[in-house]
Every structure is written in structure tokens, then in C-alpha cells.
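Reading through the C-alpha cells given below for one structure.
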Amino acid sequence: MKVVKTAAELSQLRAKMPAPLGFVPTMGYLHEGHLALVRQAKAENASVAVSIFVNPTQFGPSEDFRQYPRDPLRDLALLEGEGTDLVFMPPMEEIYPPGFNKWVEVGRLGRRLEGASRPGHFRGVATVVARLFELVKPDRAYFGQKDAQQLLVVKKMVADLGISLEVVTVPTVREPDGLAMSSRNTYLNPEERRQAVVLYQALTLARRLYGEGEKDAGVIRRRMTALIQKEPLAAIDYISIASVETLEELEEVKPPALVSIAVKIGKTRLIDNVVLG
Ligand code: AMP
């Protein structure tokens, strides 16, 4: 496994990697969710590259950029174990050279849900992903369904900018009790960790109600709200039942619909989603 830090080293090695190249962008502190992406990339491509870069431009000023968990040595050992061919761990100035001023602006899709709660978040995501695509030049790029809106934004950007690669969706990997794996789960204390399962329980409730014939999105949202509010440490940011394409809120559930939620458990903000239909 080659580990490179600069764009120059990357481009030299990239030229020798057998095609097709599968690419997994991450912010590190890897868990089984990330490794599922790497495994799928490995199964579907002749070579696999992974990037580890905690991207400052997708964090708001009062968010957790500085505290975001980092453990590069452990990450490298895990990636080596999966048979990764190349890891790109750029320092800040490789991605954002002095005077950098080439932003990818995201339209309406990026202003809903996570974008409404985290202004500028998707501009940062789209910009770093475009930069990484430009440097790594993958044939396929792997993203988790866990970040459903990020996937939509990246797919739209790839189509709008005519970037020639395939974006592949990988299902959400969960803990045995249903909590979606996330690097941020490490912030939870034992009591918060116990209550955090309520996100998955609320999504499961939505799926059950829909399965029983409930089509009124308002009814489903209210039942989910009531369930989450039973946990004293949980504070709802949003509960959304929206079109999977436009992310516009639905009054009547028409499949496929994206049910997505953001909930703070104590100080930790968690997101999760399921698709109905
Ligand atoms: P991050 O390091 O949080 O930026 O995540 C890197 C990639 O891993 C993104 O495409 C995420 O959607 C994906 N990912 C994170 N958690 C999970 C999970 N529990 N299941 C599947 N994919 C995930």
C-alpha cells in the first residue's frame, strides 16, 4: 500500500495503477461503514484509492472541525488490511493552495435539510470532492447512503460539470442495535449512546407505518417526533419526508421517498435516513 501526501506523488503513482480505479473519499477515523465502501470498491475495480482529509470548508464556524477525531495510524492499518492500493493524505495546502478560489456552488438541493441547518456545508463538500476527483481521476467513486443528501449533491455535481466517472451508492452500515456507524458516535457517553438508538427506532417506525398503509407524511412525522421526544437527551433538528430527487417535502408519501432526520443527543448531532418504497 502506497501512502502519498502530495498531488505530484499522487499523479506519478496514479498513472501506473491498473484501470478501473475505485476511489473512496473519507475524513478518516475509519469504521466498518467506511470499510464497506472500500470492500465494494475493491470488488468492483482493478485498483483502489482512499483519501483521508478532514475538510475545513464543510464545517461551520461553531462546528467540530478542531475536535473531529483523528487516528491516521489506525486508519492506515485498517486500509492495509482491506488491500487498499493507495492512500492520499494531503496536507491542507495540497487541497487549498494559498489564494485558492475555485468553489463549486450548490443550488437548491444544497439549501435543504443539512444545508438549511449547516449553511455552506455542501459548498465545502462539493468543492473538496471536485478537487479530489481532479487529483485522483477515478473511474468510480463510492459514497455511503448514510449521507443521502451528500450523495445527491455529488451526483448532481458530476452530471452538471460533466465529470466522467460513476458515483456508486453503498448501503448504510449499522451497529447491532441499529445505530448508523459514524465517526461522531465516539463523542457519545454511555447514556447518550443508549439514547442514540432512537434515531433508528424513529426511522423503523416510519417504515412500519408506511408498510401498514399510512400515506400521510404529517402523521408519520408526528409519530416519529413523539417517539424521539421520549428520550430526555434528544433534541430534534429536523424530521423530513421528501422526494428522493428534489428533497422537497411531501404531504402524501409517494415512493421512493427519503425519510431523513437530524437529532442532537446531548451535544452530538447525528443524522440517519431510510428510503420508503
Ligand atoms: P466521512 O468520513 O464521514 O466523510 O464518510 C466518508 C464516506 O463514508 C461517506 O461517503 C459516508 O457516507 C460513508 N459512510 C459513513 N458512515 C457510513 C455508514 N455507517 N455506512 C455506510 N457508509 C458510511
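Please arrange 157, 181 by counting, for each residue, the other beta carbons lying within 10 Å of its beta carbon, fewest first.
Numbers: 157 23, 181 19.
By the 10 Å Cβ count, ascending, the order reads 181, 157.
Lys/Arg Cβ at +1, Asp/Glu Cβ at -1, dipole of segment 161-257 taken about the Cα centre: which of 233, 165, 250 is farthest positive-ward?
Positive-most Cα among the choices belongs to 233.
Distance from the Cα centre of segment 162-202 to that of segment 61-134, in angstrom?
18
Can you list residues whose amide H is under 5 Å from residue 51's amide H, if they're 5+ apart or on another chain and H is modeled 1.01 Å from N?
Excluding prolines and chain starts, which carry no amide H, the hits are 24, 26, 88.
Over the Cα atoms of segment 1-142, Rg to Rh with Kirkwood Rh, two decimal places? If you can, show how the numbers build up before the last one.
Working: Rg = 15.2 Å, Rh = 15.8 Å.
That ratio equals 0.96.
Quick one: work out Rg over Rh on the C-alpha atoms of the chain, Rh as Kirkwood radius. Provide the component values of the computation, followed by the final result.
Numbers: Rg = 19.0 Å, Rh = 19.6 Å.
Rg/Rh: 0.97.
Which angle between 0 and 90 degrees, to the nearest 10, do you get for helix 217-229 versus the longest principal axis of the chain when only C-alpha atoms count?
Its long axis makes an angle of about 80 degrees.
Which value, in debye to the nearest 20, describes the size of the charge dipole of the chain about its Cα centre when Lys and Arg Cβ atoms bear +1, Asp and Glu Cβ atoms bear -1, and nothing else is charged?
Values: 36 positive and 34 negative charges, 42 e Å.
For this selection, approximately 200 debye.
What pairs in 16/42; 2/102; 42/102; 156/215; 2/137; 5/137 have C-alpha atoms more than 20 Å from each other?
Values: 16/42 17 Å; 2/102 29 Å; 42/102 31 Å; 156/215 28 Å; 2/137 17 Å; 5/137 16 Å.
Where the Cα-Cα span goes over 20 Å, the pairs concerned are 2/102; 42/102; 156/215.
Apply the Karplus curve 6.51 cos²θ - 1.76 cosθ + 1.60, θ = phi - 60°, to the phi angles in segment 265-270 and return the couplings in whole Hz, x for Gly and Pro.
Listing the rounded values in order: 10, x, 9, 9, 9, 10 Hz.
Evaluate the Kirkwood expression for the hydrodynamic radius of segment 144-184, namely the inverse of the mean inverse distance over all pairs of different C-alpha atoms, and round to one decimal in Å.
On the way: mean 1/r = 0.0862 Å⁻¹.
Across segment 144-184, the inverse of the average 1/r is 11.6 Å.
What distance in nm separates the two pseudo spin-label positions at residue 207 and residue 177, each 7 Å out from Cα along the beta-carbon direction?
1.8
Pull out a ≥ b ≥ c, the square roots of the eigenvalues of the alpha-carbon gyration tensor of segment 212-269, then state rounded if a/c is under 1.5, prolate if not and a/b is larger than b/c, and oblate in the remaining case. Please list the in-between numbers first.
Numbers: a/c = 3.36, a/b = 1.66, b/c = 2.02.
Judged from the Cα gyration tensor, segment 212-269 comes out oblate (a/c at least 1.5, b/c at or above a/b).
Once amide H atoms are built 1.01 Å from N in the peptide plane, which residues 5 or more positions from residue 3, or in another chain, come under 5 Å H to H?
Result for residue 3 returns 87.
Taking loop as defined by DSSP and a crowding limit of 12 other beta carbons within 10 Å, which GluC sites (Glu not before Pro) in segment 220-257 fit? Don't skip to the answer; put the middle values down first.
On the way: sites: 245, 248, 249, 251, 252; in loops: 245, 248, 251.
For GluC sites (Glu not before Pro) across segment 220-257 that sit outside H, G, I, E and B with at most 12 neighbouring Cβ atoms in 10 Å, the list reads 245, 248, 251.
Since every read-out is calculated from the coordinates, none of them should be taken as a lab result. Please read these numbers as outputs of a predicted model, since none were measured by experiment. Every residue, glycine among them, receives a Cβ derived from its backbone with ideal geometry; neighbour counts consider all protein chains shown.
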